[in-house]
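S.K.: I am attaching a structure below and will ask some questions about it afterwards.
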Amino acid sequence: MNFTAAGVAAAALIASPLLLSATMAFHSPVCYPISHSRASPSLFATIESQQEQQAIQFDDQDVDISEDKQQQEELRATAEETQKKKKQRLFSKHNNNFRHNNNKAMADPIFLQKRTETLLRMTSPENNIIDSVSLGNVGGGNMKVDKRTFDWLIDAWAYSGTDHAVEYALKLLKRMEHFKDRMTMGDEDSDDYELYPDVKTYTKVIKAIANSGKEDAGEQAEAILNRMIDMNDPATMPNTYTYTNVIDAYARSAPSNAKAPYSAQRLAEKMEELRATSSSELVKPTARAWNSVIGAWAGWLGEEMPWGEYVGSGAERAESCLAIMDELASVTGNEDVRPNSYNFNSVISAWANNGDGDAAFRAEKILEQMEILYRQTGQEDVKPRTVTYNAVIDAWAKSGELDGAHRAELLLGHMMELFETGHNVDAKPNVRSFNTVLNAWAKSGVFDAPVRALKVLSRMEELAKSDWDDVLPDATSFATVINAYARSQTFGKADSAYEVYTYMKELYDATRNIKLRPNNIIYNSVLNACAFTMGDFEEQSRAIEIANAMLMGLDESPYGRPDHITYGTYLKVISNQMDPSPARTEIVATVFQKCARDGMVGGMVLRQLREMGMSDEEYEDLVGVSVWKAPSLSDLPRSWTCNVIEGKKLRRRQFR
């Protein structure tokens, strides 16, 4: 953009209420009104007709159904019913998470804290009034003081997800141990034995420690394990579940503890030693325990070398666990340690997140191994399911391979074939399957990636109109297509991204389907397309126009408010689409000031501000610190950054 073009665009922006409002808030439309006639329900049909030769060949992937269609339908119906009954049995057997998620008392940390503090106060050593039945009405409610109450609270803290869960779990355990010490010292008339901690109690405390994910969680959990062993009491002797939870503690701390995977595998191998030297099978290795070891290795960065590099592959170590497990099962006859679909899936995910050049090939090879095992044995516990295929598709999406998106889409077609023919009804693609393929095209760098992505999106809509309700496109689907435009070299990408957004919003307005409700990610994706639009003056002016509409539209909408990504991306639009000028500086200042008032000055905002090329005086007037001092967020007023939420927490919040 030349200076004249920048001046025209800036003048238009300066004239808008965005920049001249006395309150510097977004209230009125921008001076360039966005025409909603640009997008319509026929959007995809129009693109298809124009780009037919570039269409994704779903037809080539659709398999021919055999002539005996009725027999196949019966086969599929029978298989679906069998799987439904099995899932119901598994749910009844393993419903701990369901119980914790649906018990309102267990999910209320304020209630737990009050209940715990009341119990600790009632059972204080200073109160010599305790019996094993009841302490009556204390604090306005009757609380039965027994082991079950202590265990219930410890269990609730384990799943509470709060920062002080471990603290309260340990306090409760310590109080129970106090009563055991009283009995040990000879208080024969006491009924305190009913409050003794047993192996279940200690295991629940270890679970609380594991769920904390803290760096020293593994060491802290193993210290309790060793205490249990040292007691040499049958009631507190660690069992398989105890060891598994300690291993899990190491696995969850692995991202911040480089030694954690070694300790996790050491304990899994210790479980086999204990099994081999005992006739009781109180402790024996299981596929569940080894899955935590696999998880620990999955996040391993490698051995840190003196020069700062990391050598080794966590995914490679994770995959080696499968061979160890298979050998243990074959040699010892312990089928509980034989690798199952959960173990295979964990290794596939490890490869998907690995980043090595052959990661996707390795992930697909494991999938092929599962398919062969299932065909040969018919065992349900090695059967690849939708989640398995999705993980391999994700590996291709992240692979960076030239044909990664094509391979991902071929695998999606394979899933459809398996389901349609009834050979594997548990491989039915879902919206995540399609969204991952969309992501593969968005990241592919292929010149026609946006068109390919649009065809996948259209296919999802077609299937959803039949009996494939679980593939109806959601907000993530549309955001990913928009990202495909943003990453492409397509002329008019800002307009195209805006059309996709408008089409989605029209669908939401017509259906009120909550999964189609616009959110920050959608708005930010359109802004990103505007930021990387290339072309002539008209193209760049249109990008600024759309960016203005998206920023102000989000601020005025019921869908959310601009966050630090929104502001940072908008500043990127201004940086890329306008030449330096006093007008641009004024725009940047106004947007930054509102961003600061909203408490949304995050790392991206600061980075974009530095890249604007402002003078040191202009920068310091805005930030209060010289640009040469490279200020960080900690150098800014807390009120400027107080609402910034980053990473996974941000994504969870946006998709609530």
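The values are calculated or read from the model by the stated rules, or taken from the named source; none is laboratory data. Here the structure is a predicted model, which is why all the values come from computation and not from measurement. So basically every Cβ, Gly included, is an ideal-geometry build from the backbone, and we count neighbours across all protein chains shown.
S.K.: Name the residues in the range 453-476 that are over 20 Å from ALA427 (Cβ atoms) and touching a residue at least 40 places away in the same chain (Cβ under 8 Å), would you?
M.R.: Matches in the range 453-476: LEU454, LYS455, LEU457, SER458, GLU461, PRO473, ASP474, ALA475, THR476.
S.K.: Against the condition within 19 Å of TRP297 (Cα to Cα) and of a type outside the set (D, E, K, R), how does ALA363 come out, does it pass?
M.R.: The answer is yes for ALA363.
S.K.: Then there is this: Which one of the conditions (1) in contact (Cβ under 8 Å) with a residue 12 or more places away in the chain; (2) outside any helix (DSSP H, G or I); (3) not assigned by TED's automatic domain parsing to the domain that holds ARG338 does HIS423 fail to meet, given that it meets all the rest?
M.R.: (1)
S.K.: If you check ASN354 against the conditions, is it part of a loop (DSSP other than H, G, I, E, B) and in contact (Cβ under 8 Å) with a residue 40 or more places away in the chain?
M.R.: It is true that ASN354 is part of a loop (DSSP other than H, G, I, E, B) and in contact (Cβ under 8 Å) with a residue 40 or more places away in the chain.
S.K.: Same structure again: Return yes when ASP563 is closer than 21 Å to GLU499 by Cβ and assigned by TED's automatic domain parsing to the domain that holds MET604 and no when it is not.
M.R.: Against the criterion (closer than 21 Å to GLU499 by Cβ and assigned by TED's automatic domain parsing to the domain that holds MET604), ASP563 does not qualify.
S.K.: Sticking with this one: Among (1) under 26 Å from ILE544 (Cβ atoms); (2) assigned to a helix (DSSP H, G or I), where does MET600 come up short?
M.R.: Here MET600 clears every test but (2).
S.K.: Further question on the same structure: For the range 404-418, how many residues meet the condition of being surrounded by fewer than 19 Cβ atoms within 10 Å (Cβ to Cβ) and of a type in the set (A, V, I, L, M, F, W, C)?
M.R.: 1
S.K.: Take the range 638-656 and flag every residue that is surrounded by fewer than 12 Cβ atoms within 10 Å (Cβ to Cβ) and modelled with pLDDT of 85 or more.
M.R.: Listed by number, the residues that qualify are ARG638, CYS642.
S.K.: Going through the range 312-329 one residue at a time, which ones are under 15 Å from ARG275 (Cβ atoms) and free of Cβ contacts under 8 Å to residues at least 24 places away in the same chain?
M.R.: Passing the criteria: GLU327, ALA329.
S.K.: Counting only residues that are in contact with a His (Cβ under 9 Å, 6 or more places away or on another chain) and either aromatic (Phe, Trp, Tyr) or crowded, with 21+ Cβ neighbours inside 10 Å (or both), how many does the range 599-629 have?
M.R.: 4
S.K.: Which residue out of TYR570, TYR501, TYR523, TYR508 is in the same structural domain as ARG610 (by TED's automatic domain parsing), under 23 Å from ASP598 (Cα atoms), within 25 Å of the chain's Cα centre (by Cα) and not small (Gly, Ala, Ser)?
M.R.: The conditions single out TYR523.
S.K.: Residue check, VAL588 against (1) out of contact with any Cys (no Cβ under 9 Å at 6 or more places or on another chain); (2) assigned to a loop (DSSP other than H, G, I, E, B), all met but one. Which one?
M.R.: Single failed check for VAL588: (2).
S.K.: Can you pull out every residue in the range 219-275 that is under 28 Å from the mean Cα position of the chain (by Cα) and part of a loop (DSSP other than H, G, I, E, B)?
M.R.: Across the range 219-275, the qualifying residues are ASN257, ALA258, LYS259.
S.K.: Among the residues of the range 641-650, are any in contact (Cβ under 8 Å) with a residue 60 or more places away in the chain, closer than 21 Å to VAL526 by Cβ, of a type outside the set (S, T, N, Q) and part of a helix (DSSP H, G or I)?
M.R.: Taking every residue of the range 641-650 in turn, at least one turns out to be in contact (Cβ under 8 Å) with a residue 60 or more places away in the chain, closer than 21 Å to VAL526 by Cβ, of a type outside the set (S, T, N, Q) and part of a helix (DSSP H, G or I).
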